[in-house]
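Asks: Take a look at the following structure, please.
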Amino acid sequence: MATDGGATHSVAQQSASYVPRTAYFYDPDIGSYYYGSGHPMKPQRVRMAHSLILSYDLYKELDVFQPHYASMLELTKFHSPDYVDFLASVSVENYKVVSAKLPGVEEAFYLCSRVMTVSFHRYGDYFPGTGSILDVGGSAGKYYSVNVPLKAGMTDEMYVSLYKDVVAKCVEVYQPRAIVLQCGADSVAGDRLGCFNLSTKGHGACVEWTRSLQIPLVILGGGGYTIKNVARTWLYETAVALGKGAEISEEIPRNEYYQYYGPNFQLHLSPNPELANKNSEHYCNCIREKIFQHFVQTFGCSHNVADGETMQGVLKAHGFSVVSELADGDVVVVNSCTVKNPSESSALNLATTCRAGGKFVVLAGCVVQADVHNRALAGFSCIGVQQLGQIGEAVLETMKGTVYRCVAQRPNASTLTLPHLRRNALVEIIPISSGCLGNCTYCKTRFARAQLRSFHPAEIVQRVKSAVADGVQQIWLTSEDTGAWGLDIGLNLAHLLYEIDDALVATEPLTEKCVMVRIGMTNPPYILDQLPEICDVLNRKHWFKWIHIPVQSGSNAVLAAMNREYTREEFLRCCTALRENVRGIVVATDFICGFPGETDAQHAESLSLLENLRLPVVNISQFYPRPGTIAAAMKRVPTPTVKLRSREMTKAFASYETFDPH
C-alpha cells in the first residue's frame, strides 16, 4: 500500500483540489503458497486480509493494482545474480524448509547512507537473535541503522510513546523523502510466536502517527502467525491509512473467511491482562538516551570516551547541567584525540567554530596533553588527560573570561573513583590503566598518556560491581594497551580477568541478565605468554568472544621500523591460538598503509597476511605523519602510492567472506 503525503510544495501546488491518493497492491496468487503443516508462515493470511478489505468496502477508496512478477533483471537490482540463479534452479523435489537467520532489510543497507533503517523488535534469546542497540551500521552507513530492542509483554501506551519519540528523532535528523513502514502483526496480543501485548488500535496508532508526518508512505505486511489476528490488524491499518480508522465497524461483515473470527466476530483485539510487561519506564528511557546519542560526534577511542564520561560526572557534581545538544550549551568541552591528523583537526575546528559563535570553550584530551604549546591552542582554556578532576574549576574560570591551563605531566592517577555520567546507560567503560610500555615511532598518543600505570585491581573490580548494581548490560575494559595491564605492578592481565569473572559470577543471583565484558585493544608482545589463560576466560559465559590485536604491517622489516616489538610470526601465533581454542572468536586488527620506507614487496607481505588469516574486522589507515614523532622525519612514500595501497588492502578485505555460513 502506498499513500502520497503531499508533503512537497511542487505536488501541493499542482492543483488547488489536490487529494492524497492511496494505492493498493494485491495479487491473489500469493495466498496459494504453502510451506507445509509445521511451518508457522501461512500466506493465506493475505487473502483473509483482502477479503476483509472487500467486505468493509474499503477497496472503493483505493486505487487497486495487481503487481507484476519481477523479471530476472529486476531481481538483480537487489540480489546478486548468483543468488537469483540458485533460486531459479530450486524445484519442488529438492526444496526443503530450513529455520535460519536470513539477511534482512537492515543488512542490505548496513554499509550505506541512502536508507536509514529503524527496527522495533523483541531482543534476546529470541529468533533471529540480531538487533542489538549497538548495531548502528558500518562504513558510510554508520548511525543509519537504528535498533530498538524490547522485552516481552510490551503494551500500547509504552510502545506508541517510544515509537513516536524514536521515529520523530530519526525523521528530524535524516529528513527522508519517503517512509516504508513494515507492519509485522506478530507484535499483536495472542500471536502464536510473538511475545508483545499490543492491541490492534495500539498497532494502528503508529500507522496513524506516521501518516500524520505527511511524508509519502509505503505500508507493507510483515510477520504475524495467528492468521485471523493478522487479517484483523491489516484491515484496520488499511482503514487508518485511508483516514477512516475511527469509522470502521467493530462488527466484522460476512465474508468467505467469516468463521475464522468466531466466536465474537469482533474486529479489535484487546491485550492479555495476564501477560506481564517486562519493559520498565527506566529501560525505555535508557533506550531513548542511547539512540538519541547516536547522532552526536565523538572524538577518539573508548578510553577518550571514558574520560568524557568522567568529565561530565565531575561537572554534574559541581552543579552544572550537562546537555546533549551542542546548540543548548553555554560552555563547550571538546575532548580531543591525537591519533591521526583528521581527528585532531576536527576537534580544533569544532573548538574554533564554537568560540566564534560566542560560546565558552575548554579544550581537553590527548591533543592538549601531547603538545600544550601548539599554536592552535592559543587563547583556549586547556586541561590534560591527567587532570580530569579539574574540569569544574576550568569551566568556572573560563566563564569568568580567564584562559585556564592545567596540563602538568605527572604520574597517571586513577580516575576510577571520580564521578562519571555514562553516555550509554547500558554500557560501562572502565579504564584499567593509562599509558603504555611501547615506543612506536609513529605514535603521538604516548606523549599524552605517558608511561604505563596500571590501576589497582580492587578499584577495577569495585567499579564492575557498582556497574552491575546500576543495571548495565555490557562492560568494556579499555586502555592504550590492555594486554600490558599489571606488568608495572607485578601482575598480568589474566589475573585481572579472573578477578572480574569471579565478581560477575558472584553477582548472578542478584541480576536477571548475563552481564557481558569486552576486552579492549591489546598488542601482541604482552599477551603471548598469557594466551592459555586468556582463551580460558574468553570461553566463559560473561565474555564476548572478541579481541582487537593490531598488527599494522605484515612485514617484519616495517614492524622493526615502527618499533612495534613483535614479529609477523608472533602475531600469527596469537591469532592461531585464539582461533583454535575459542570457538567463534572474532579477531580484529589494524593495518597502516604506506609507512615511510615501505616497499611494494613489503606491502605485498601485508596483503598476504590478510588473505591468509581472512580476519572479519580490519581497520585500514593511510600513514599520517604526526608532528614530533620519529616517523614524521622519515622519507615518506609518495601519496598516490599510499592511496593505491590502501585501496588494494580494502579490495583484499572485500574479496573474501568474513564469516563461515556453516
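The values are calculated or read from the model by the stated rules, or taken from the named source; none is laboratory data. Quick caveat, the model's predicted, so the values are computed rather than measured. Positions of Cβ are generated from backbone atoms using ideal geometry, with glycine treated the same way; all protein chains shown enter the neighbour counts.
Asks: For V136, which of the numbered conditions (1) touching a His at 6+ places or on another chain (Cβ under 7 Å); (2) more than 18 Å from I287 (Cα to Cα); (3) not in a helix (DSSP H, G or I) fails to hold?
Replies: Failing condition for V136: (2).
Asks: Taking the conditions exactly as written (at pLDDT below 90 and touching a helix residue (DSSP H, G or I) at 6+ places or on another chain (Cβ under 6 Å)), does I53 satisfy them or not?
Replies: no
Asks: Just one of (1) modelled with pLDDT of 85 or more; (2) surrounded by fewer than 16 Cβ atoms within 10 Å (Cβ to Cβ) trips up Q293, so point out which.
Replies: (1)
Asks: Please work out which one of (1) among the hydroxyl-bearing types (S, T, Y); (2) surrounded by 12 or more Cβ atoms within 10 Å (Cβ to Cβ); (3) not assigned by TED's automatic domain parsing to the domain that holds G184 is the condition S80 fails and give its number.
Replies: Going through (1) among the hydroxyl-bearing types (S, T, Y); (2) surrounded by 12 or more Cβ atoms within 10 Å (Cβ to Cβ); (3) not assigned by TED's automatic domain parsing to the domain that holds G184 one by one, S80 breaks only (2).
Asks: Still on this structure, I have one more. Among Q259, Q214, which is the only one that is in the same structural domain as C170 (by TED's automatic domain parsing), of a type in the set (S, T, N, Q) and on the phi > 0 side of the Ramachandran plot?
Replies: Q214
Asks: Additional query: For segment 533-568, name all the residues that are touching a Gly at 6+ places or on another chain (Cβ under 7 Å), basic (K, R) and either crowded, with 17+ Cβ neighbours inside 10 Å or not assigned by TED's automatic domain parsing to the domain that holds K513 (or both).
Replies: Correct list: R568 only.
Asks: Among the residues of segment 371-402, which ones are touching a Phe, Trp or Tyr at 6+ places or on another chain (Cβ under 8 Å), small (G, A, S) and buried (at least 18 other Cβ atoms within 10 Å of the Cβ)?
Replies: Within segment 371-402, the subset touching a Phe, Trp or Tyr at 6+ places or on another chain (Cβ under 8 Å) is 371, 381-383, 392-395, 397-399.
Adding the requirement that they be small (G, A, S) leaves 381, 392, 394.
S381, A394, listed by residue number.
Asks: Kindly list the number of the only condition in (1) touching a residue at least 40 places away in the same chain (Cβ under 8 Å); (2) under 33 Å from the mean Cα position of the chain (by Cα); (3) surrounded by 22 or more Cβ atoms within 10 Å (Cβ to Cβ); (4) closer than 21 Å to M48 by Cα that fails for D191.
Replies: (1)
Asks: Give segment 479-529 a look and list any residue that's over 30 Å from N279 (Cβ atoms) and among the charged types (D, E, K, R), or say none.
Replies: E480, D481, D488, E499, D502, D529
Asks: Between a residue in segment 240-253 that is touching a residue at least 24 places away in the same chain (Cβ under 8 Å) and surrounded by 14 or more Cβ atoms within 10 Å (Cβ to Cβ) and any residue that is polar (S, T, N, Q) and not in a loop (DSSP other than H, G, I, E, B), which pairs come within a Cβ distance under 8 Å, given they are 6 or more apart or on different chains?
Replies: Note: pairs meeting the criteria are A241/T3; A241/T22; L242/T22; I252/S55; I252/Q266; P253/S55.
Asks: Show the residue pairs meeting these rules: Cβ distance below 7 Å; 6+ apart or different chains; first residue within segment 202-214 and of a type outside the set (V, I, T); second residue surrounded by fewer than 17 Cβ atoms within 10 Å (Cβ to Cβ).
Replies: Final answer for the pair search is W209/K164; L213/V171; Q214/G6; Q214/A7.
Asks: While we're on this one: Kindly provide the set of residues from segment 626-662 that are loosely packed, with under 10 Cβ neighbours inside 10 Å and either in contact with a His (Cβ under 9 Å, 6 or more places away or on another chain) or at pLDDT 90 or above (or both), ordered by number.
Replies: K635, P638, P640, listed by residue number.
Asks: To continue, here is another question. Determine whether segment 489-512 contains at least one residue that is at pLDDT below 95, assigned to a loop (DSSP other than H, G, I, E, B) and under 25 Å from K151 (Cβ atoms).
Replies: yes
Asks: Hey, K169 hits all of (1) surrounded by fewer than 20 Cβ atoms within 10 Å (Cβ to Cβ); (2) in a strand (DSSP E or B); (3) not β-branched (V, I, T) but one; which does it fall short on?
Replies: For K169, the exception is condition (2).
Asks: Quick test for you: out of A448, A469, A413, pick the one residue that is modelled with pLDDT of 90 or more and touching a Ser or Thr at 6+ places or on another chain (Cβ under 9 Å).
Replies: A469
Asks: Would you check which residues across segment 349-370 are under 18 Å from D307 (Cα atoms) and either loosely packed, with under 14 Cβ neighbours inside 10 Å or not aliphatic (A, V, I, L, M) (or both) and list them?
Replies: G365, C366, Q369 - these are the residues of segment 349-370 that are under 18 Å from D307 (Cα atoms) and either loosely packed, with under 14 Cβ neighbours inside 10 Å or not aliphatic (A, V, I, L, M) (or both).
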